[in-house]
Structures are given as structure tokens and as C-alpha cells.
1. When you scan segment 161-184, how many residues do you find that are over 14 Å from G143 (Cβ atoms) and in contact with a Leu (Cβ under 8 Å, 6 or more places away or on another chain)?
2. Could you go through segment 103-112 and let me know if any residue there is modelled with pLDDT of 85 or more and either more than 17 Å from the chain's Cα centre (by Cα) or of a type in the set (F, W, Y) (or both).
3. When segment 17-52 is examined, which residues are found to be farther than 16 Å from W93 by Cα, crowded, with 17+ Cβ neighbours inside 10 Å and of a type in the set (A, V, I, L, M)?
4. So which helices (runs of 4 or more DSSP H) stay within segment 104-211 end to end and still have 2 or more residues that are surrounded by fewer than 16 Cβ atoms within 10 Å (Cβ to Cβ)?
5. Identify all residues within segment 33-56 that are among the aliphatic types (A, V, I, L, M) and touching a helix residue (DSSP H, G or I) at 6+ places or on another chain (Cβ under 7 Å); write none if there are none.
6. Tell me which residues, restricted to segment 35-58, are under 24 Å from H184 (Cα atoms) and at pLDDT below 85.
Amino acid sequence: MKKLSKAISLLFHPLLFPTFGTLLVLITNPNLFGYLGEKVHVVWVFIVFALTFMFPAIWIFMMRRLEMIDSLEFENANDRIIPYIATATFYLWATWMFKPSVTMKIPPNILLFYMLLGASIAIFLGFFINIFTKISLHAIGAGGLIGLLLALANSSTYDLRPALIILIVLAGLIGTARLLLGAHTIRQILIGYSIGFAGQLIAFMIIPHFL
């Protein structure tokens, strides 16, 4: 079970959730973005993957090599402070890339903008709560995907209820894997779900009223 739990934790690494969210946006809204063609879609996915996974991963690896953090597992809260800040910086960069603007060379995507903004909000919330208690970053990502799917129900022409059930089960599997590995407590995982969900809720339901 531990080997399976490690595999699940690796496959659903916290830094991969924005990329999963990007694919979710594209798959559930072909009516909005299909006319742009697959090349544009690939560019969008690559930009999100590079800015929210590759760059933060390289930065974190460099910090480990320089002994700025004790472990890549972030077993204690102090190890997470600098990675939180670095990751938030790259997430904000990715968010800015998709902000609607006539000066951008790539076609903007308002749904990706709000999704990445929600992920950035969740990172900042996690950063502040991390001061008081450790939180499951995996759970933040899983909760964010559930919140994103609910938000996409307003724009998608598909019935997203089956997908919602799948995501809830998947979130449960991820949380269970972290529990079996002894990485987190139930409380830390539930807080993570809540933060990820709240980030997307704020981005899609509250922020648009101010933009």
C-alpha cells in the first residue's frame, strides 16, 4: 500500500495540478476554444506546465542542493516557507500571461486566468496558514480541481456531474495516500481541500466583480 501511495503522490504532485486544471478547462469547453486550433491549446498547456511545474521544480531542487531546505519532502513547516514564496511568484507570472490584453502575443483565456488566479490565492492562503500548522499541498491541488470543475459548469455545454464524482473519488484517494504515508493528519488534509476549493471560489465568484 505504501508503494501505491507513493505512486499516487508522485503522479498527482502538487505542482502538476495547474496543468491538470488547464486540460480540464480545454476539455470541458471546446465550444469556447476549439476554433483556435490544437497548436494554441498546446502552447497554453506548455506555458502553464513550464511556469507552474518546471520552473518551481528547478528552483526547489536548487534550494535543496544549496541546503536551503532540509528535504524535498518538506517534512516541517519551515522548509515550506521559501518554496511557497517561489511557487507563488511563478503562479502569478502564469496568471499574468493569461490576463486579457491586446498586447499579448498569445490568445488570452479568461477561464485559465481565473483558474491560475485561484491557484495563486490558494498558495498565498496556504503560506499564511503554514505559519501555524502544516497543510497538505496535495489536498490543496485536489480541492482546487473540484472547485474549478464546479466553476466550469457555468460555461461548459457538457453535464459535468460524472466528472465531479470522479474528481471527488480521486481527491479521496490522494488524501488517503498521504495519510497512509504518514505525511499528514486528517485535519491537515481537510484544511488543504478547503483552501484549494476556496481559492477557485474566490477567483471565479468574487474577483470578477472587481475586474
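The values are calculated or read from the model by the stated rules, or taken from the named source; none is laboratory data. If you're wondering where the values come from, they're calculated on a predicted model, not measured in any experiment. Virtual Cβ from ideal backbone geometry, glycine too; neighbours counted across all protein chains shown.
1. Adding up the residues that qualify gives 2.
2. no
3. Result: L24, V25, L26.
4. The qualifying helices (runs of 4 or more DSSP H) are 110-129, 161-180, 186-201.
5. V45, I47, V48, L51 - these are the residues of segment 33-56 that are among the aliphatic types (A, V, I, L, M) and touching a helix residue (DSSP H, G or I) at 6+ places or on another chain (Cβ under 7 Å).
6. If the condition is that a residue be under 24 Å from H184 (Cα atoms) and at pLDDT below 85, then no residue fits.
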